[in-house]
Amino acid sequence: MRAESEIGSLELGKRADFIILDRNLLTCKVDEVKTTQVLSTWLDGNQVHGAAP
């Protein structure tokens, strides 16, 4: 897409789509994964769901 200057990593000035969870899925217990909550959702660098950081 030749958009390397706009996307592809989390850096100042680049667009970003990501979520923030209430726990680290890489370190939590397997049985806790199913109760994980999304705290906020970000699309194109703008928060679209959740409380302000």
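The values are calculated or read from the model by the stated rules, or taken from the named source; none is laboratory data. A quick note: this is a predicted structure, and the numbers were derived from the prediction, not measured. Every residue, glycine among them, receives a Cβ derived from its backbone with ideal geometry; neighbour counts consider all protein chains shown.
For segment 22-34, check the following and say yes or no: at least one residue is in a strand (DSSP E or B) and either surrounded by 12 or more Cβ atoms within 10 Å (Cβ to Cβ) or of a type outside the set (Phe, Trp, Tyr) (or both).
No, segment 22-34 contains no residue that is in a strand (DSSP E or B) and either surrounded by 12 or more Cβ atoms within 10 Å (Cβ to Cβ) or of a type outside the set (Phe, Trp, Tyr) (or both).
Cβ-Cβ below 8 Å, separation at least six or inter-chain, first residue in segment 32-52 and over 22 Å from residue 12 (Cβ atoms), second aromatic (Phe, Trp, Tyr) and surrounded by fewer than 10 Cβ atoms within 10 Å (Cβ to Cβ): which pairs?
Pairs found: none.
Considering only segment 1-21, state which residues are part of a loop (DSSP other than H, G, I, E, B) and within 19 Å of residue 50 (Cα to Cα).
Residues satisfying the conditions are 15, 16, 17.
Among the residues of segment 35-52 satisfying the criterion of being among the hydrophobic types (A, V, I, L, M, F, W, C) and not in a strand (DSSP E or B), which is farthest from residue 4 (Cα to Cα)?
Among residues in segment 35-52 that are among the hydrophobic types (A, V, I, L, M, F, W, C) and not in a strand (DSSP E or B), the one farthest from residue 4 (Cα to Cα) is 51.
Okay, residues lined up against (1) at pLDDT 80 or above; (2) not small (Gly, Ala, Ser):
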residue: 4; (1), (2): no, yes
residue: 8; (1), (2): no, no
residue: 19; (1), (2): yes, yes
residue: 22; (1), (2): yes, yes
residue: 33; (1), (2): yes, yes
residue: 39; (1), (2): yes, yes
residue: 43; (1), (2): yes, yes
residue: 48; (1), (2): yes, yes
